[in-house]
Amino acid sequence: MAFNQTAAAPSHKMRRCLLMAFALIALAITVLPTASFAGTDTAGNVLATDNDANPSGVEGDLYWAGQALNLDDTSIDRDIIAAGDTLSIRDCTVGGAVRLAARTIDIAKTTVDGSVTVAGQHVVLNSDSTANCFYAIGETVALRGSTKSAALASDTVTIDGTVDGDVEVWADKLILGKNAHITGTVNAHVSEDPERAAGAEVGALKIDRTENEDTSTVNDVIGGIVAAALSTCFVALLLELVFPRATASAAGMLHQRPMPLWVSGLLGTIAIVPAVLLLIISIAGLSLAGALMCGVIGIALVSSAFAGCAIVRMVGHSQNRYAMAAVGGIAAGALTAIPLVGDFISGVAFVFMLGYIIQIIWRNAHLKPQQPANTPGLPTA
């Protein structure tokens, strides 16, 4: 698996997602085996989950999964494919490639004829190690050995070894140590100027400062806020057109009896997950679980517009209801699109609308058939 060196630099969020994915894969492979085993198939491949497995020689590939792998003074004719928590390879020779996923990866004094492709939290190709190419992604990545090319993505990348070719780096911070000797070009996509120690030799250093992404990010946020405000405004106007009594009733309920509304909405939100799970467990309740999930999704889609419309109608009940709905929709959409606080506001709007629906259902269920519904209202102008 090689990195596409001509592709655009991955974002920090993408790197974190990839790290999480590899961590989950490694964790899953680690916990699945219930008993240690090691065996060799007819093609000479070794499959093992034993932490103490350290074959002196493998004619084919080595496949391993477990908690900790410590390979020492081992000859692998072809590939190593391993996943776990801690992977250490020392004084080994590998005739093929190395593919690793783990929290901590340390390759030292090892010769790899093929490529090294690794993902983890802390990754090191240590001194006296050689590989044809080194591709790594992690929280910290260090290249202290030698390779012909490298592509490294991390929060902090350290190069303190030899690269007889080009290097691609995506990082917040790049450190070029005193032992760095790079004959080709270092294409650094970094957020700050690289640290270059005295003695570091680099053929060419091209820096692409990722602060430029901040401008586009701000523009994206502003565009998202505007789009959310306009779309929520449209939904609010549609709600006011189709369900004017519901928005007026919610405004009156918020004005006269806000506590039951908020409490029922909060309790209903908490009860959604266990209710769906209980219905799924019951075979007869699968259709009800599906209907409940569809209802929850529907509420989530329109809750911001509904809450904004109801709140603004409560404040400006004597004004034109369509104008108030437009104002409420724009305000709600803009607030829910703001980073960090937008999700919280969306959650509050969901609780508000769910609480209103629960209160209406509860009230109608306790009314006598001949008794008309007495929904709270707002004083007219």
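The values are calculated or read from the model by the stated rules, or taken from the named source; none is laboratory data. This one's a predicted model, so the numbers in the text were calculated from it and none came from an experiment. Because the Cβ atoms are built from the backbone with ideal geometry, glycine has one as well, and the counts that use them run over all protein chains shown.
With the structure loaded, tell me whether residue 227 is touching a residue at least 12 places away in the same chain (Cβ under 8 Å) and closer than 30 Å to residue 327 by Cα or whether it fails that test. When the stated conditions are applied, residue 227 passes them.
The residue list 310, 349 contains one member that is assigned to a helix (DSSP H, G or I), closer than 15 Å to residue 228 by Cα and at pLDDT 85 or above, which is 349.
Regarding the range 86-102, can at least one residue be identified that is modelled with pLDDT of 65 or more, outside any strand (DSSP E or B) and β-branched (Val, Ile, Thr)? Taking every residue of the range 86-102 in turn, none turns out to be modelled with pLDDT of 65 or more, outside any strand (DSSP E or B) and β-branched (Val, Ile, Thr).
Looking at 128, 79, just one residue is out of contact with any Ser or Thr (no Cβ under 7 Å at 6 or more places or on another chain), surrounded by fewer than 17 Cβ atoms within 10 Å (Cβ to Cβ) and either within 23 Å of residue 60 (Cβ to Cβ) or not aliphatic (A, V, I, L, M) (or both), and that residue is 128. Of all residues in the range 315-330, none satisfies the criterion of being in contact with a helix residue (DSSP H, G or I) (Cβ under 7 Å, 6 or more places away or on another chain), farther than 19 Å from residue 242 by Cα and touching a residue at least 60 places away in the same chain (Cβ under 8 Å). Looking only at the range 286-302, decide whether some residue is modelled with pLDDT of 85 or more and more than 27 Å from the chain's Cα centre (by Cα). No, the range 286-302 contains no residue that is modelled with pLDDT of 85 or more and more than 27 Å from the chain's Cα centre (by Cα). Within the range 149-157, identify whether any single residue is under 22 Å from residue 209 (Cβ atoms), out of contact with any helix residue (DSSP H, G or I) (no Cβ under 9 Å at 6 or more places or on another chain), of a type in the set (A, V, I, L, M, F, W, C) and in contact (Cβ under 8 Å) with a residue 40 or more places away in the chain, and answer yes or no. Checked the range 149-157: at least one residue is under 22 Å from residue 209 (Cβ atoms), out of contact with any helix residue (DSSP H, G or I) (no Cβ under 9 Å at 6 or more places or on another chain), of a type in the set (A, V, I, L, M, F, W, C) and in contact (Cβ under 8 Å) with a residue 40 or more places away in the chain. Only residues that are under 20 Å from residue 202 (Cβ atoms) and under 31 Å from the mean Cα position of the chain (by Cα): list them for the range 111-130, please. Of everything in the range 111-130, just one residue is under 20 Å from residue 202 (Cβ atoms) and under 31 Å from the mean Cα position of the chain (by Cα), namely 125. Scanning the range 177-203 for residues that are over 15 Å from residue 148 (Cα atoms), touching an Asp or Glu at 6+ places or on another chain (Cβ under 9 Å) and not polar (S, T, N, Q) turns up 177, 178, 188, 189, 190, 192, 197, 200. Total residues in the range 157-179 satisfying the condition of being in contact with a Ser or Thr (Cβ under 6 Å, 6 or more places away or on another chain), closer than 20 Å to residue 192 by Cα and crowded, with 21+ Cβ neighbours inside 10 Å: the figure is 1.
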